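A quick write-up on the structure given underneath.
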Amino acid sequence: MRPELNPYSPGSGLNPPHLVGRQAEIDAFDLVVARTRAGHHNRGMILHGLRGVGKTVLLNQFREQAERAEWFIIELEGRPTETGQEAVRQRLARLMMLAGRRFLRGKHATGKVKQALGTIKSFSLSLGVASVELGLDANPGRADSGQIEIDFEELVEDLAPALREASSAFALFIDEMQDLDSELVVALLAAQHRAGQKNWPFYIFGAGLPSLPSVLSEARSYAERLFNYRNIGALERPAAADALTVPATRQGARYEDEAINVIVDAARGYPYFLQTYGQSAWGIAEGRVITADDAREAIIEGNAELDMGFFPARWDRATPAERNYLRAMARDGEDGSRTSELAERLKVKPASLSPARQNLISKGIIFMPERGRVAFTVPNMAAFIQRQFAD
Ligand SMILES: Nc1ncnc2c1ncn2[C@@H]1O[C@H](COP(=O)(O)OP(=O)(O)OP(=O)(O)O)[C@@H](O)[C@H]1O
Ligand SMILES: [Mg+2]
């Protein structure tokens, strides 16, 4: 069918043509907005799950809902390296200033909010960001100690209550949150904790890998109670079918029933794969009906595409030693491996594998679902690795 009408959107964080299967999370977010408006506190939310399940897309959806509610919004993305982590703080300071400037011009610029914007300025200056001007004086002695935990809490203490009076709220949307440095995580958790006790409308909405909940509770044990944790996974069958058929119907095309089954089975409900196969199937179909044969061909073409992009995006970042480790893991398939068995398989002492394992965790390619076990963060990664070594 005509490529310019192809509705599917495989890609990182790309809005799908039709977002399915996440109504419970969207409703939970709406409830936070409604409760905030009524002056009640809520827990923030943490979305965790494998690669390509739609965490970023959902977080973006939340952000749009918060924008409509005229919240004070900051968007961050964690970075694994030290320079990246420094850059995240700079970005936090800069975005605070920019959001402050926007608020200053808007209808929420009450006296209290203006006062709080002075604290934003002192916070940003102490993080070395002076490039954005607010046209307001800084509040010396507020949020400028140079210690992020104290400063961020003072910032929230000044800003969130002021926003509450304007029926607004302060929200941080943080993607790849497992990659924030632990000092910043502690500062954010402490502020979220205090906000709950004081009924300040300040919320963190985070998204990240399956390791994220344990990263947070290792930073502060009370993190378990701070958030509504949502495991974002593969889509149920009817939702997966809708992700394919609804966008096609809108363009006046349709799938044979068998074609839907073929694609949903092959994708195992994973959104990234559904978008990839849907895109291929659209390109292959001659007429306005996507047949079962088109679908089967689309799987082959789609897999070739995934083998060039989605999987190598992770595989190419592994060193030879790390690839050895991944290859040993791949023999166990999708369910993960016992670390002790990997050592036996590779005929080395378990301790000698910990650097490779640690690096692969830092790179976000594997995670530890429990003590003594590792698993891929990328669905179908085991099969991809086996393909690399097949004759
Ligand atoms: N609910 C959904 N319905 C249909 N398609 C979706 C849905 N959620 C995400 N997608 C599609 O899946 C793909 C991956 O989405 P996204 O980048 O948000 O995943 P992710 O979980 O953030 O992955 P990563 O861990 O790699 O960052 C995109 O192509 C997106 O359009
Ligand atoms: Mg993402």
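Structure data summary
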{"quantity": "Computed FRET value (nearest 0.05) for Asp257 with Glu86, which takes r as the C-beta separation and R₀ as 45 Å", "calculated": "0.25"}
{"quantity": "Length-normalised contact order for the chain - Cα pairs under 8 Å, 6+ apart - percent", "calculated": "20"}
{"quantity": "Alpha-carbon centroid distance for the pair segment 105-161 / segment 46-94, whole angstrom", "calculated": "21"}
{"quantity": "Which of Arg288, Arg101 has the fewest Cβ neighbours within 10 Å, and the rest in rising order", "calculated": "Arg288, Arg101"}
{"quantity": "Percentage relative contact order, segment 132-271, counting C-alpha pairs under 8 Å, at least six apart", "calculated": "20"}
{"quantity": "Hits among lysines - C-alpha to C-alpha of Lys198 under 18 Å, sequence gap 8 or more where chains match", "calculated": "Lys112"}
{"quantity": "Theoretical gain in end-to-end length, Glu301 to Glu165 [0.36 nm per residue, Cα-Cα removed]", "calculated": "43.4 nm"}
{"quantity": "Packing rank of 218-227, 51-60, 255-264, where each peptide gets the mean count of other beta carbons within 10 Å, highest leading", "calculated": "51-60, 255-264, 218-227"}
{"quantity": "Debye intensity ratio in log₁₀ form over the Cα atoms of segment 235-308, taken at each q of 0.17, 0.28 Å⁻¹", "calculated": "-0.51, -1.40"}
{"quantity": "Helix-only [θ]222 nm of the chain, DSSP H runs n ≥ 4, -39500 (n - 2.57) each, per residue, nearest 500", "calculated": "-17000 deg cm²/dmol"}
{"quantity": "Cβ crowding within 10 Å averaged over residues, with 73-86, 154-167, 201-214 ranked highest first", "calculated": "201-214, 154-167, 73-86"}
{"quantity": "Among Tyr255, Leu326, Ala295 - extreme Cα towards positive end, dipole of the chain, charges at beta-carbon", "calculated": "Leu326"}
{"quantity": "Segment 1-157 shape via C-alpha gyration tensor axes, a/c threshold 1.5", "calculated": "prolate"}
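Values in this text are rule-based calculations from the coordinates and carry no lab data. On a predicted model such as this, the values are computed, not experimentally measured, just so you know. Backbone-built Cβ (ideal geometry, glycine too); neighbour counts: all protein chains shown.
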